[in-house]
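J.: Before anything else, here's the structure in question.
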Amino acid sequence: MMHNEAFMKETMDYKLLYLRLKKCLLRIGLFTLAGALLGGTIYLLVQSVKMGTIYQSFSQFYIQYDYDPSGQAEQFYNAYTWNDLLHADPVMDRVFAAMQENSAYKEIMAPYDDAAIKELLRGETMRAYVPSDRRIVNVEVRAENENQCALIQESMEQALIDYVATDPALSWAELIRSDAPKLLVWNNNLWRAVIFGGTLALLLALFAWWFYYILDDSLYTIACAEKRYPYPMAGISIKGEGHYDTALQKNLNYLGRNHPAASQLSLEDIASKDTETLRQNGAILLLPFGRRNGKQIDKAISFLKNQDIPIVCLIITEADGKFVREYYRHDKQE
């Protein structure tokens, strides 16, 4: 209970927070990269199922407007007007008629009847837009195979030129560019999916790390142990090196002055030691560095107290030398 209460009341150690986050940056980065790759992969899979195979052609027209001193006619024909006009009956009927005049019409459009073809043309098959110059009109045609796209493109080009010649506000139209259908692989939304996947993975990784951090009862510093347990802290022992600094040996000498024969006990050794000997000589409890064993430490301390075994002091053992030195800003042992 003392460990739980003290652990929950501990204030935030920002330096410890920084060092522990720094230690996990590589894993968080890899998780973020995996999320970005997964997001891109899912997007491509969805697009391949949703879009299937799509071909797109490009046509560009130069439009000459009829003379209008007020200039209102030219202002009227903007991008929205041309796109609506492309799907209106005067143009759509001409496109459909031009398609039927093609000798390969029935073969190319075999999967569709006349009603389905008209519905297809009125959908997103054709799209018109106007760049900065209102005399230029661009038209894109999309279809599920190359032959359909080429047939609709050719019919649309002929139909639009014929319609312009009959519109009183327009003079004539000329086809100045006609690009053959090309296969569309993906669009620019791939990068959005990659960024979204990476960002989501990063947030999940940080949330998981933070959740782990606030529940982690491992010991990393002397201050951690002093806040949780009502026993003197002698110091830290570095894994493979021994004492972190001279303070550890000095503290052991002073704290053990009344128990010179005190035994150093790891958490695993307590139950196997002779309690009568420990009761007479006292115990120095060795607490492992950076392990989630708060409950095990509580159990060990409770056992020693119930057996009336005096706890001389605590030592954090098997510590990460690089971590400890960076925390205390020491480059080497004193």
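The values are calculated or read from the model by the stated rules, or taken from the named source; none is laboratory data. Because the structure is predicted, anything quoted here is derived from the model rather than measured. Positions of Cβ are backbone-derived with ideal geometry, glycine not excepted, and every protein chain shown enters the neighbour counts.
Per-residue answers, yes or no, for (1) in contact (Cβ under 8 Å) with a residue 24 or more places away in the chain; (2) among the acidic types (Asp, Glu); (3) in contact with a strand residue (DSSP E or B) (Cβ under 8 Å, 6 or more places away or on another chain):
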| site | (1), (2), (3) |
| --- | --- |
| 97 | yes, no, no |
| 121 | yes, no, no |
| 128 | yes, no, yes |
| 136 | yes, no, yes |
| 154 | yes, yes, no |
| 165 | no, no, yes |
| 170 | yes, no, yes |
| 194 | yes, no, no |
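J.: Go through (1) surrounded by 12 or more Cβ atoms within 10 Å (Cβ to Cβ); (2) closer than 26 Å to residue 66 by Cβ; (3) touching a residue at least 60 places away in the same chain (Cβ under 8 Å); (4) within 45 Å of the chain's Cα centre (by Cα) for residue 159 and report which single condition fails.
T.: Residue 159 satisfies all of (1) surrounded by 12 or more Cβ atoms within 10 Å (Cβ to Cβ); (2) closer than 26 Å to residue 66 by Cβ; (3) touching a residue at least 60 places away in the same chain (Cβ under 8 Å); (4) within 45 Å of the chain's Cα centre (by Cα) except (4).
J.: Follow-up. Of all residues in the stretch 290-315, count the ones that are modelled with pLDDT of 90 or more and within 14 Å of residue 220 (Cα to Cα).
T.: Selection size over the stretch 290-315: 2.
J.: Taking the stated definitions as given, is residue 261 of a type in the set (Gly, Ala, Ser) and more than 25 Å from residue 19 (Cβ to Cβ)? Before you say what the answer is, go through the steps one by one.
T.: Numbers: of a type in the set (Gly, Ala, Ser): yes; more than 25 Å from residue 19 (Cβ to Cβ): yes.
Judged against the criteria, residue 261 is a match.
J.: Could you pull out the residue among 170, 175 that is surrounded by 12 or more Cβ atoms within 10 Å (Cβ to Cβ), over 23 Å from the mean Cα position of the chain (by Cα), at pLDDT 90 or above and assigned by TED's automatic domain parsing to the domain that holds residue 97? Step through it out loud before you land on a result.
T.: Working: 170 fails: at pLDDT 90 or above.
Result: 175 is the single residue among 170, 175 that is surrounded by 12 or more Cβ atoms within 10 Å (Cβ to Cβ), over 23 Å from the mean Cα position of the chain (by Cα), at pLDDT 90 or above and assigned by TED's automatic domain parsing to the domain that holds residue 97.
J.: Moving on to the next point. Residue check, residue 225 against (1) closer than 16 Å to residue 316 by Cα; (2) among the small types (Gly, Ala, Ser); (3) part of a loop (DSSP other than H, G, I, E, B), all met but one. Which one?
T.: The failed condition is (3).
J.: Show me the helices (runs of 4 or more DSSP H) entirely contained within the stretch 253-334 in which 2 or more residues are out of contact with any His (no Cβ under 7 Å at 6 or more places or on another chain) and of a type in the set (A, V, I, L, M). Walk me through it before giving the result.
T.: Working: elements: 275-281, 294-306, 321-328.
In the stretch 253-334, 294-306 are the helices (runs of 4 or more DSSP H) which contain 2 or more residues that are out of contact with any His (no Cβ under 7 Å at 6 or more places or on another chain) and of a type in the set (A, V, I, L, M).
J.: What residue, of 98, 34, is farther than 20 Å from residue 128 by Cα, modelled with pLDDT of 85 or more, surrounded by 13 or more Cβ atoms within 10 Å (Cβ to Cβ) and not assigned by TED's automatic domain parsing to the domain that holds residue 323? If you could, list the steps in order and put the result at the bottom.
T.: Details: 98 fails: farther than 20 Å from residue 128 by Cα.
One residue alone meets the criteria, 34.
J.: Could I ask something else about it? Any residue at all in the stretch 3-19 that is at pLDDT 85 or above, over 30 Å from residue 189 (Cα atoms) and in contact with a strand residue (DSSP E or B) (Cβ under 9 Å, 6 or more places away or on another chain)?
T.: no
J.: Still on this structure: Show the residue pairs meeting these rules: Cβ distance below 8 Å; 6+ apart or different chains; first residue within the stretch 297-319 and within 21 Å of residue 224 (Cβ to Cβ) and small (Gly, Ala, Ser); second residue at pLDDT below 90 and surrounded by fewer than 16 Cβ atoms within 10 Å (Cβ to Cβ).
T.: From residues that are within 21 Å of residue 224 (Cβ to Cβ) and small (Gly, Ala, Ser), the pairs are 319/239.
J.: Could you tell me whether any residue of the stretch 49-68 is of a type in the set (S, T, N, Q), modelled with pLDDT under 85 and within 37 Å of the chain's Cα centre (by Cα)?
T.: Yes, the stretch 49-68 contains a residue that is of a type in the set (S, T, N, Q), modelled with pLDDT under 85 and within 37 Å of the chain's Cα centre (by Cα).
J.: Turning to a different aspect of this structure: If you go through the stretch 155-211 one residue at a time, how many are of a type in the set (S, T, N, Q) and over 24 Å from residue 97 (Cα atoms)? Give the steps one after another, and end with the answer.
T.: Of the residues in the stretch 155-211, the ones of a type in the set (S, T, N, Q) are 155, 158, 166, 171, 178, 187-189, 199.
In the following step, the residues that additionally are over 24 Å from residue 97 (Cα atoms) were identified as 187-189, 199.
Final tally of qualifying residues: 4.
J.: While we're looking at this one, here's another question. Which ones in the stretch 281-303 are closer than 16 Å to residue 215 by Cβ and surrounded by fewer than 21 Cβ atoms within 10 Å (Cβ to Cβ)?
T.: 290, 291, 292, 293, 294, 295, 296, 298, listed by residue number.
J.: Could you go through the stretch 309-322 and let me know if any residue there is over 19 Å from residue 241 (Cα atoms) and of a type outside the set (Val, Ile, Thr).
T.: Yes, the stretch 309-322 has at least one match.
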